[in-house]
1. Sort out which residues of segment A:388-403 are within 11 Å of chain B (Cβ to nearest Cβ) and free of Cβ contacts under 8 Å to residues at least 24 places away in the same chain, and write them in order of number.
2. Sort out which residues of segment B:96-116 are within 9 Å of chain A (Cβ to nearest Cβ), crowded, with 18+ Cβ neighbours inside 10 Å and either modelled with pLDDT under 80 or not in a loop (DSSP other than H, G, I, E, B) (or both), and write them in order of number.
3. If a residue must be within 9 Å of another protein chain (Cβ to nearest Cβ) and crowded, with 24+ Cβ neighbours inside 10 Å, how many such residues does segment A:313-325 contain?
4. I'm checking my understanding of the structure. Among residues of segment B:385-403 that are among the hydrophobic types (A, V, I, L, M, F, W, C) and in contact with a Phe, Trp or Tyr (Cβ under 8 Å, 6 or more places away or on another chain), which one is farthest from B:S335 (Cα to Cα)?
5. Anything in segment A:23-77 that is modelled with pLDDT of 85 or more, in contact with a helix residue (DSSP H, G or I) (Cβ under 9 Å, 6 or more places away or on another chain) and among the small types (G, A, S)? List them, or say none.
6. Considering every residue within segment A:433-448, establish whether at least one is modelled with pLDDT under 85, closer than 24 Å to A:L141 by Cα and outside any helix (DSSP H, G or I).
7. Return the residues of segment A:371-385 that are surrounded by fewer than 21 Cβ atoms within 10 Å (Cβ to Cβ), within 12 Å of chain B (Cβ to nearest Cβ) and of a type outside the set (G, A, S); say none if nothing qualifies.
8. Only one of A:I355, A:I463 is at pLDDT 85 or above and either surrounded by 18 or more Cβ atoms within 10 Å (Cβ to Cβ) or in the same structural domain as A:L234 (by TED's automatic domain parsing) (or both); which?
Amino acid sequence: MPYNIAMVSDFFFPQSGGIESHIYQLSSKLIDRGHKVIIITHAYKGRTGVRYLTNGLKIYHVPFFVIYRETTFPTVFSFFPIFRNIVIREQIDIVHGHASLSSFCGEAILHARTMGLRTVFTDHSLFGFADAASILTNKLLKFTLSDVDHAICVSHTCKENTVLRASLDPLMVSVIPNAVVAENFCPLSYYPRTHDQIPISPADPRPSPTPIGPNDTITIVVISRLFYNKGTDLLIAAIPRILASNPNTRFIIAGSGPKAIDLEQMLERNVLQDKVEMLGSVRHEEVRDVMVRGHIYLHPSLTEAFGTVIVEAASCGLYVVCTRVGGIPEVLPQHMTTFAKPEEDDLVVATSKAIAALRSNKVRTDRFHDQVKMMYSWRDVAERTERVYQGIIGDISPSEFYGSYPDQGWDVSGDRVRSFALIDRLKRYYGCGVWAGKLFCLCVVIDFLIFVFLEMWFPRANIDIARSWPKKQPLDKLRTHSIRNSK
Amino acid sequence: MTPPPSSLSQIPPPIPVDTHPNRSPNSRTPDERVPDPDRLAPEDAYFAPSLSRGRSALTNYDDTLRSLNGDASLHPPRGVLGADPNRKDVRKLGAGAGRRRRKGAWKKLLWVKQSYPDNYTDTETFLDHLQRNPRVRPYDFWPLVSDSTVIVQHVCSVVIFVCCFVDIVQDRVSPVSVVCWGSVGTAVGWILWDNWIWKEQTELSNANGNIGGDDGSSSSSVTSGVNPPANDTQGNGIKGSPIHGLGLTMAANSSKEHLPHQSPDHNNSVSGVIDPTARAGLNPAPSSAVAGDMDVQDIDRPSLFSSRNRQRLSTVKSAFLIYFSLLGLSPILKSLTKSTASDSIWAMSCWLIIMNIFSFDYGSGEGAGATKFPASLSTNAAVMASTVLASRLPSTTHVFSLMLFSMEVFGLFPIFRRQLRQKSWTGHVCLTLALVVIAGGAVGMTMSGGWASAIIGSFLGGILTALAMGGCSWWLISLQKYKNVVIGPWDPARPIIRRHWN
Amino acid sequence: MPGRLRVQRPSPTTVSFTVSNASPRSSSPAKILFGIQILLRAVLFCCVIVGLTARLRHLVLFQGENLAQWQAIWSSPFGAHLCSLVDKYNSWAMAVVSVLVIYGVFKRGYTEESLLVIRGFGIQTSTSSSTYLSSAATRFISTTQIQDIVIHEAFKGFEVRFYLAVIVEGEPDVLVVFPANDTGF
C-alpha cells in the first residue's frame, strides 16, 4: 500500500513561498504516513545535486537552465533521460506535479505517462481567459492536463477555473485546501490545552483576555507583496481614509514590491509616517511575530486561489478583513472575517466595521487559534491526498472513487481511468485544438520514441536502485504498539 | 478529455448583457437577500454532518441563488451540453428532496469538514458564477455600415492624394491647379467650421446664462453637454496655431481624449459649477496644451466676439506663416531624399501610407480614446510619406504644391470630417459619397486617362465600396458567434478607487 | 560499462579494493584475443617506426655508415618500394598520423582504480593513467586527515550515480574515490 511518490515542481526551497511550503509540508506528512516521497526540482544557486531534508525527504536538484523567476526553460524532451533515471532508481509509482507555470511539472507529467506511471497535478493559482499570455498558459495547461490521472485544486473556485481551462471532467478534480502549521502561528498569549477538552465548550475555563477599551490603539497588519494584483492600490487609497475616520488606529505593513514607492509617496503626502510602520519584506518565519503585534489583518488582494496568509492571520488570533475575490470566501467562517468588495469605499467601511466590532469586544479572537487548528491541518491534507493516490492506483475502485451520482445528470462511465496505450493517449491529446492537438500528438509520439531509445541505450538493468531512507514505523502502527504495550 | 468540437456550435450565439445581479464583478452573495452560506457556527467545522442537517435555510440557499442567477449564466461542465434541458429537469426534481435526504447539503466552503468526497461536484453551485460574454454588445448591420463610412472617407482621401501625386508625376495635372482646388476646399471648410464654432459658442453662452442658477442634480447632464464645445474651442486653437508643426496638433488632439475621462470626476466633486475654467483648474493637467487652451478661453470669455475675430486673424496669420515656411523649405525637401533609389521611395511611401491608414484615429474623439496608437503617428507617417515622395518631383513648385496638399488632406481634412460628422449626418453621408465618387474617378483617370474612364471608375468604385462595406459588416456580424468571453470569480477583480488624496 | 570489483587482502591489516572496467580475461578465447591485441599493437608500432625512418632517410642521421648499411637497405627491392610508397605522402600528414597511431598503440583501453585501506594508517587511492607509458596516480590520505567517508548520489551526464567520497581535512573539495567507474554501491 505505501506508494513511492515523486513531487515535481520548479518551485522549491531555498526559494520560499506558498507552493514551496505546500510541497514540503505535504511530503513530510506523507512520509509520516509511511510513503516514500522524493522531490524533483531544478538546481538553485549553490544548491545542486541530491539533498536530504528532515525526515528523509530526498530532493533532486536537477541542473537546468532557468529563464525567469525560477522557471526553467521549457525544453519538452531534454529532461526525459534524467527523469527516467530518477524514476527508475527510486521505483516511483506516482508522479505528482505542482503549479501550472512550472514547465518542469508539465514535462514530468508527460514523461511519466509515457513511462506508464500514474500522475497527479496540483493547481495553486487562478488564471483568467482574456489576455494573450493566459491563452498560451491555458494551452500549456491543457497539454499537461490532457493525460493526467487526477488533478487537485486548492479551492472550489480554483477547481472551476482549472476545469474550464483544461476541459477536464469535474469528477477528476479534487479540492484539497492548503493548510497551516498552527503551532507556528499561535497568538501572543496562548497556552496549549490538554486534548481531552472539547474545543468550544460553554464552560470555558480559560479567562477571557483583556478587553479592548474604546481608546486603545488598534493595529492593522498587512503582510503582502506589494504588487498590483495583491491590491496595493486599494490599500494605498484606503489607508488615509481608514486612519482619518478611526482615531487610535495604526498600520503595520510588511512586504516589498514595485508598489512600495507609491505607498511611501502616499504616506509622505498625507504625513502618516507616525501611524504607518513599513517593515519591508519579512521572512516567512518572522511573519507570526509581525502578525501578533496587531488586532486586524487586512488583505486587499484582487485575486487569490486560496489565501493561506489569511488562515495564518486567523490562527494568530487576528480578525480578518479581506476582499471577496477568488477562493477567499470559502476559506474562513463568517465570524472570523469581514468581507469587502474590491472597492476603496467598501474596504474602508468593512475595516471600520471590523474596528468597531473589536472595540465592542464582540469578537472572540482568542478562540480563533484552536478553531483554525481544527479546520486546517497538513495531516488532513495528506490523508485526502492519499485517497487520491489510492483512487488513481486502483486501490479504491473507480466507482467508489469517482462516485456514482445518478441524480446529477452526467454519466459516470467516462474514460476516467486513463489507459496507457499510446493510441488512447494520442486521442486525448488530439482533441486539444485544431493545431495544438496535432502539435501535442507530435510531442507525445516523439516522447514515446525517445523512451524506446532510452530503454535500449540505457537499459533498466544498469540503473541502480536507490535505497530508501530507513523508515520510522507509521504513526498509527506506533500507536497500536503502545496501546498493546500498555495493556 | 476535451470537449467534442460539435459542442461548440451548440453554444448559443452571444447572450446580450443580461447577466445575473449578484455578480457584478465583486459581490458574490447579496448578503441582504440570501442567507449567507458562511453564517455557520464554528462548531460546524468539527461536527459538520450532524449539525448542518437541521439547517433548512442553508439547503435553500442554493435554490435561492439559482433563481437569482437566471439560467443563462449557468453552463454545465463540458460533455453535458447536449443534455442540458434534461439535466435541468432532473435537478429541479432531485434538488430539493433527493440531496437533502442523502447527506447534509454540500457547501462551497473549505473550512467545514464535509461528508462528501473531495472530488464531489455539486451540479447546482458548480460554475454558477460563470458568465459568458457579459459585456458583448451585439452588432446591427446598418449601424455598422454607417460607422464604416469613417474608414471609407479616410481611405478615399488617401486614394485621392495618391492619384494626385501620380498625375502630377505623369504631368497630367498641373500641381498648381491641384493645390488651388485643395486650398479652395480648405478655405470653404474653414469657413463652415468657423461658422459652427461661432454658433456653438453663442449657444454655450446662452446656456451658461440659463443654467447658472440650477441645482447640482442637473449638473452632470450639463457638463456632458458642455464638453463638446470645450473640445471645439481647443480644435480652433489648433487651427489657429499650426506654426509649431503638426506635433502640437496631435498633443491637443490627445488631450481632447483626456477630457471626457475626467468629466465623471467633476460631476462628483464639483457640483453645480459649470464654468470650464474652474474645471480646468481642477484638472490634473494632462498636458500643458490643455492648460494653455483653457487660459486662452479664460481671457476670451468676457468679449466673445472680438476674440473670435482675433482668433480668425491669428488663423490667417499662421496659415500664411506655414505657407511661406513651406515655400522656403521646399527646395530642401526636394533634395532631401534625392539620392535614395526610386524603388526604396515607392516601398517606403507605401508602408508609410499603410501605416497612416491603420493607425488613424477613427474615433469620434468622444468617449474613451480607444486608439492604442497616438493619432500623431498616423499624421506623421502621412507627412513623411509625402516628404519622401516629393523628392521624385521635377521642380520646387511641384514639391511645394504636394506638401501643401498633403497637409490639407492629412492634417486639416480629418478635423473637418470629424466635426462634420458630429454636426450633420446628411453632410457626412454626402461627403462620403462625394469622396467615393471622386476617388473612383481619380483612380479611373490615373489608370487610363479621359473623362469616360473617370466616370466608369467612379461608378465601379462606388459599387465596390458599397459591396466592401456591406460585406465586411456582414462578416463581422457573422464572426460574432465565435465570441466566447468567459468571466468568473477567478478573474482578477478591478479595484474601484477614487483618488481623493490626489 | 559497469566496473568489476576485486577485493584482495595483501596482508592481514590491509584490504585493497580494485575496480576495473577492463573486460575479464578468464576464458581461453579472451586470453587469445588479448594476445592478438598485444601482437597487433607491436606490429603497428614497428610499421610506424619503419615508415618514419624511410620518410626521413635523407636526414643526416641516416646518411652515414654509423649504425647500419642504410644505403643498402634503401636500395634493396623492399626498401625501394617502401620509399616510393612513403614519398607519395605529405610529411606533415605522416607526422600527424604516426603520432595518432603511437598514441593508439600505447593507449590503455580501460581504467583501473583501487582503494587500499591500511588499518590504523589511512587509505591510498590510485587511478591508472590512460596510457601504458606513465604510472598510476596515487594518493595517500592518513587517518588523521580523514574527516569522513560518505556514499552519496550525484548527477553525471544523464543519470544519477552513487559515489564514494572522502572528506579530507583542509580541502575545499571532497575526494571522489572511484571517479571513472560506475561501481554500483
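The values are calculated or read from the model by the stated rules, or taken from the named source; none is laboratory data. Please read these numbers as outputs of a predicted model, since none were measured by experiment. Cβ coordinates were reconstructed from backbone atoms using ideal geometry, including for glycine residues, and neighbour counts include every protein chain displayed.
1. Once the filter is applied, which keeps residues that are within 11 Å of chain B (Cβ to nearest Cβ) and free of Cβ contacts under 8 Å to residues at least 24 places away in the same chain, segment A:388-403 yields A:I396, A:E400, A:F401.
2. Within segment B:96-116, just B:R99 meets the criteria.
3. If we filter segment A:313-325 for residues that are within 9 Å of another protein chain (Cβ to nearest Cβ), which is where we start, we get A:323-325.
Then drop every residue that is not crowded, with 24+ Cβ neighbours inside 10 Å, which leaves A:323, A:325.
Counting residues in segment A:313-325 that are within 9 Å of another protein chain (Cβ to nearest Cβ) and crowded, with 24+ Cβ neighbours inside 10 Å gives 2.
4. Taking segment B:385-403 as the starting set, the residues that turn out to be among the hydrophobic types (A, V, I, L, M, F, W, C) are B:385, B:388-390, B:393, B:399-400, B:402-403.
Next cut, in contact with a Phe, Trp or Tyr (Cβ under 8 Å, 6 or more places away or on another chain) only: B:389, B:402.
Working: B:L389: 11, B:L402: 14 Å.
Per the criteria, the residue is B:L402.
5. A:S27, A:S28, A:G34 - these are the residues of segment A:23-77 that are modelled with pLDDT of 85 or more, in contact with a helix residue (DSSP H, G or I) (Cβ under 9 Å, 6 or more places away or on another chain) and among the small types (G, A, S).
6. Yes, the conditions are met somewhere in segment A:433-448.
7. Initial filter on segment A:371-385 (surrounded by fewer than 21 Cβ atoms within 10 Å (Cβ to Cβ)): A:373-374, A:377, A:379-380, A:383-384.
Add one more test, that the residue is within 12 Å of chain B (Cβ to nearest Cβ), and what stays is A:373-374, A:377, A:380, A:383-384.
Answer for segment A:371-385, where residues must be surrounded by fewer than 21 Cβ atoms within 10 Å (Cβ to Cβ), within 12 Å of chain B (Cβ to nearest Cβ) and of a type outside the set (G, A, S): A:K373, A:M374, A:D380, A:E383, A:R384.
8. On the way: A:I463 fails: at pLDDT 85 or above.
Being at pLDDT 85 or above and either surrounded by 18 or more Cβ atoms within 10 Å (Cβ to Cβ) or in the same structural domain as A:L234 (by TED's automatic domain parsing) (or both) holds for just one of A:I355, A:I463, which is A:I355.
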